[in-house]
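Down below is the structure, laid out as structure tokens.
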Amino acid sequence: MNGDLVTRRALRGIALAIAVAAVVDPAITSHHDSRPLVALIATPHDSAFAARVSRALGGSVALIPAPFAAADAAVLVGDQVPRDADGIPAPTFAVTDDSSGPQLRLERVQSPQTTPLDARTAITAVASAVHARGRTVEFTLRTGDGLALDRVTTPVTSDSAPLTTTLSYTPSTTGAVMLDVTARFTNDGAGVHADRAIDVRNVPWPVLFFDPRPSWQSTFVRRAVSDDDRFVVASRVVTSRGISTNEGQPPGRLDDLALIGQYRAVVVGAPEALTPADVAGLDAFMRRRGGSVIFLLDQYAHGPYEGLAGASAWSQDSSGTAVRIAQTAADSGALEATQFAWPDPLPPGAVALATAPARRDSTARHAVIWQSDIGAGRLLVSGAFDAWQFRDASQSAFNAFWRATLARMASAVPPPVDIQISPSVASPGESVAVEVTLRGAALQWTSVAAARNDPVHAAVTAHLERAGTADSAVSVRLWPGTSAGEFVGRIDAPVTPGSWRLAVAGDGASGSVPLIVARGASHPAPNNRAALAAWVAARGGRVTSIGQIASLGAAIRGATRPAGHRVEWHPMRSPWWILPFALALGGEWWLRRRRGLA
């Protein structure tokens, strides 16, 4: 009896307490830690890897899959230092891929920014393959619309040596062309990509042939080049004192830079007949113009030209037996000659371009054709005296060799306004680095003003315009660089895909390069883990491999220490209180009914 009374009173008190608490509606304040807001940044190439990182971080942080300046931290996916730190908050962390499966990286793609119409253009691709020894990498060059232009396969023989190959492109139309280089394991996946823009121009290279006396070697090299539409040839052959045979409008002497400065390359036959004034003019042409000079020897004789050639001693071979002179490039043809000379030793800094075997030593080879850098220019010397006699394509590659050599030498000459942009194919809104060098100001500083420590003053104007629509031009601000005649800046790629052009004017000259804007543009991915580690450490973060990502969330929270927030909640507003309230009242009523109480 007493037990029922106590139980009824307890149930009634519980129900009453719940009712009173509901009427009072007390508020309870608690402290909660916030999850850090983290910007997850990855290139399209690393999108699959970014998905793995996102899943691994789980609910430890709040992720935003894009650069976000207001985030508490940033996580970079991959091992590339960002081109532009704008919009990337600090601290910054990085996650790299340490998987043991085969990995392929396209580290570098090199090509000229401009090329003549119908000229064979070399595109050099450098890749690295890890955990892939014994496999084969296929390099493919395609146009922007997917048309395959060239394909080369390279075996992987080491996990450390880079894979370097050269792809060929011969343009048939002028204008900006977008090229795509793909590297992939043979029969395995889509591979990795890099895009590149090349400006095809129908502007041939001006070349001067200057022979202070008649030379068969120079004559046949000139004929080989004259048949190539990539060149505009002018020539002067001095046949006797005061008499010359001219083609075009060549200068009468080589000691006036204003006269020879209009040419990209000067080819000299019989250089031993040059005067000291001619040699001084060619030296200025290379140093102050950045031009290319080629000496075609048909005999060895002393002369002022030896000061430019740089050889301290010479050796000769004239046994009369034809010898193959092989180029150092593995995929190129060979010349032939019975008489040749070579420097002994090779001048300091010179590079052998073609070598002949020593007749008495089958393992030794002599540098018969070599090249040296002189200031901003370059000098090539050919000691194959009678190679012109072996012009039959079945015997040697005489014509092809000199066409390719003249094209390489002419294309290496810097234009009056040298413009470099990176990347040349960009995604909409992507940051693009711009470097401009005014050749005149830069080389005057090197050759003249530097001796007096007197800087050369120059200024540039630049604008970006949609190709073919000058009325859409937008001014671009460029700032002086670290060297005379150098200017640098950054632009954001337009949001409208298509072909654009960056035009720069300064120092009485002008130039332009194309910028192609394409969605999902791909870039080379060099191995920059050391640079990335230093960059991330400077921003208060660290580099973590995917295998150690479990600790990354805690590291981010420790580095950011996001401010906690107070939460006020009303427990009696929960509908679940109806259940104990109803049970208490129902239990008390049931006990009263069982005892027959009203």
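The values are calculated or read from the model by the stated rules, or taken from the named source; none is laboratory data. Owing to the predicted nature of the structure, the values given are computational and were not obtained by experimental measurement. Reconstructed Cβ throughout: ideal geometry from the backbone, glycine too, with neighbour counts over all protein chains shown. These accessible areas exclude ligands, DNA and RNA; they are computed on the full protein's heavy atoms, side chains included. Shrake-Rupley method; radii C 1.70, N 1.55, O 1.52, S 1.80 Å.
Of the residues that make up region 245-262, is at least one crowded, with 22+ Cβ neighbours inside 10 Å, at pLDDT 90 or above, aliphatic (A, V, I, L, M) and in contact with an Asp or Glu (Cβ under 8 Å, 6 or more places away or on another chain)? Among the residues of region 245-262, at least one is crowded, with 22+ Cβ neighbours inside 10 Å, at pLDDT 90 or above, aliphatic (A, V, I, L, M) and in contact with an Asp or Glu (Cβ under 8 Å, 6 or more places away or on another chain), which makes the answer yes. Of the residues making up region 443-475, those that are under 22 Å from residue 488 (Cα atoms), part of a helix (DSSP H, G or I) and either touching a Lys or Arg at 6+ places or on another chain (Cβ under 7 Å) or modelled with pLDDT of 70 or more (or both) are 443, 444.
Out of the residues in region 184-235 that are of a type in the set (D, E, K, R) and farther than 24 Å from residue 292 by Cβ, state the one that is surrounded by the fewest Cβ atoms within 10 Å (Cβ to Cβ). Filtering region 184-235 for residues that are of a type in the set (D, E, K, R) and farther than 24 Å from residue 292 by Cβ, the one surrounded by the fewest Cβ atoms within 10 Å (Cβ to Cβ) comes out as 188. The numbered conditions (1) at pLDDT 90 or above; (2) surrounded by fewer than 16 Cβ atoms within 10 Å (Cβ to Cβ) are all true for residue 421 except (2).
Residue by residue through region 86-110, note down the ones that are among the aliphatic types (A, V, I, L, M), open to solvent by less than 40 Å² (accessible area, probe 1.4 Å) and assigned to a loop (DSSP other than H, G, I, E, B).
Of everything in region 86-110, just one residue is among the aliphatic types (A, V, I, L, M), open to solvent by less than 40 Å² (accessible area, probe 1.4 Å) and assigned to a loop (DSSP other than H, G, I, E, B), namely 88.
When you check residue 199 against the structure, is it assigned to a strand (DSSP E or B), over 30 Å from residue 300 (Cα atoms) and of a type in the set (Asp, Glu), yes or no? So residue 199 passes the test. If you go through region 198-233 and keep only what is in contact with a strand residue (DSSP E or B) (Cβ under 9 Å, 6 or more places away or on another chain) and free of Cβ contacts under 8 Å to residues at least 24 places away in the same chain, you end up with just 226.
Within region 542-556, which residues are in contact with a Ser or Thr (Cβ under 8 Å, 6 or more places away or on another chain) and either open to solvent by 30 Å² or more (accessible area, probe 1.4 Å) or hydrophobic (A, V, I, L, M, F, W, C) (or both)?
543, 546, 551, 552, 554, 555, 556
The residue of region 58-77 that is modelled with the highest pLDDT, among those that are over 19 Å from residue 88 (Cα atoms) and surrounded by 11 or more Cβ atoms within 10 Å (Cβ to Cβ), is 60. Among the residues of region 111-119, is any in a loop (DSSP other than H, G, I, E, B), open to solvent by 50 Å² or more (accessible area, probe 1.4 Å) and closer than 24 Å to residue 61 by Cα? No, there is no match, as no residue in region 111-119 is in a loop (DSSP other than H, G, I, E, B), open to solvent by 50 Å² or more (accessible area, probe 1.4 Å) and closer than 24 Å to residue 61 by Cα.
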